[in-house]
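Structure first, commentary second.
Nothing in this text is a laboratory measurement; each read-out follows from the coordinates by a stated rule. Here the structure is a predicted model, which means the values were calculated and not measured. FYI the Cβ positions are ideal-geometry reconstructions off the backbone, even for glycines, and counts take in every protein chain you see.
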Amino acid sequence: MTALLGLGARLRLARLYLVTDARTDSGDLAEFLAAAFRGGVGIVQLASAGLKDRQLDQAVQLARAAAEPYQGLVVVHASAESGPAEADLLHLSQQDGPAAAARRKVHRYALIGRTCHSRADVDAAITDPDTDYFSVGPIHPTPGAPGRRAVGLDLVRYAARVAPVADPKSKPWFPIGGIDAETIDEVIEAGARRVAVVRAITRADDPEAAARGLSRRLRQAWRADPVMEAYTLAAAAWTGPNR
């Protein structure tokens, strides 16, 4: 873990969340992540599917080295029973078991996230004391979730209502699924102030430029929203359950 701001504060201040595989085919994970963080990514999630434990450990170490200069966060997407590699955050799907079980397998300061596909999922994530943040989606159909029905913007509006982004006590949340430079405005208008993306950066010819464009739009949304200034100050001083 890095020093200075605690994990909880960095989670609350992060706006752009990137999901990627370990890029084993291209072998350029370190360079790709360095470009993403330079462009304004605050959180990187590494998908663990298909990776052996040693490969995942290596990918996490590369990601943490890329994240450290920016106080970025590194997430591993794994199940509660899989014995995840050391990382700042662990992300669980709806099928990955209870967060309380995952809590016993990670270090004491680690944060846990949960994917949400419905209002009931969002409500459960908000009330679960072992869940620190959540994502909602897929907002649009995406090849990353084959067969999964897109939830549309209604779930974004619901999350914005029950977990107000300007309330420092609310759990941070990120819409995901088909969000890119052309669709980011609609999720912002629906109430989001953070987003998670995949192909918008992983498929970009210039990942740094792609990240910078998305980050700039989110920064504009924070600055244009009067309540976000107070939120930013409160988030930077966050000393909640998971510091």
query = Within the stretch 109-122, can one find any residue that is more than 21 Å from Pro175 (Cα to Cα) and either touching a Ser or Thr at 6+ places or on another chain (Cβ under 9 Å) or not in a strand (DSSP E or B) (or both)?
reply = yes
note = Going through the stretch 112-121 in order, the residues found to be more than 11 Å from the chain's Cα centre (by Cα) and crowded, with 22+ Cβ neighbours inside 10 Å are Cys116
message = Cβ-Cβ distance below 7 Å, separation of 6 or more or different chains: which pairs start in the stretch 154-171 with a residue that is under 16 Å from Ile188 (Cβ atoms) and end on one that is of a type in the set (A, V, I, L, M, F, W, C) and in a loop (DSSP other than H, G, I, E, B)?
response = Val156/Ile139; Val156/Ala190; Val156/Ala192; Arg157/Ala190; Ala160/Ala190; Ala160/Ala192
Pick from the stretch 5-29, criterion closer than 13 Å to Val41 by Cα and of a type in the set (Lys, Arg), ranking: nearest to the chain's Cα centre (by Cα) = Arg15
key: Condition check for Ala209: closer than 21 Å to Asp130 by Cα, assigned to a helix (DSSP H, G or I), touching a residue at least 12 places away in the same chain (Cβ under 8 Å) and over 14 Å from the mean Cα position of the chain (by Cα)   = no
Number of the condition not met by Gly240 [criteria: (1) under 30 Å from Ala100 (Cβ atoms); (2) not in a loop (DSSP other than H, G, I, E, B)] = (2)
message = Looking at Ala192, Ala236, Ala181 in this structure, which one is under 22 Å from Ala166 (Cα atoms), surrounded by fewer than 20 Cβ atoms within 10 Å (Cβ to Cβ) and not acidic (Asp, Glu)?
response = Ala236
message = It is to be established whether one or more residues within the stretch 102-112 are free of Cβ contacts under 8 Å to residues at least 24 places away in the same chain and of a type in the set (Lys, Arg).
response = yes
request  = State which residue is surrounded by the most Cβ atoms within 10 Å (Cβ to Cβ) when the search covers only the stretch 123-150 and only residues that are part of a loop (DSSP other than H, G, I, E, B) and under 14 Å from the mean Cα position of the chain (by Cα).
outcome  = Gly137
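Is there a residue in the stretch 184-191 that is among the small types (Gly, Ala, Ser) and part of a loop (DSSP other than H, G, I, E, B)? So that I can check it myself, show each step before the final result.
Step one: filter the stretch 184-191 for residues among the small types (Gly, Ala, Ser), giving 190-191.
After this cut, where a residue has to be part of a loop (DSSP other than H, G, I, E, B) as well, the list is 190-191.
Yes, the stretch 184-191 contains at least one residue that is among the small types (Gly, Ala, Ser) and part of a loop (DSSP other than H, G, I, E, B).
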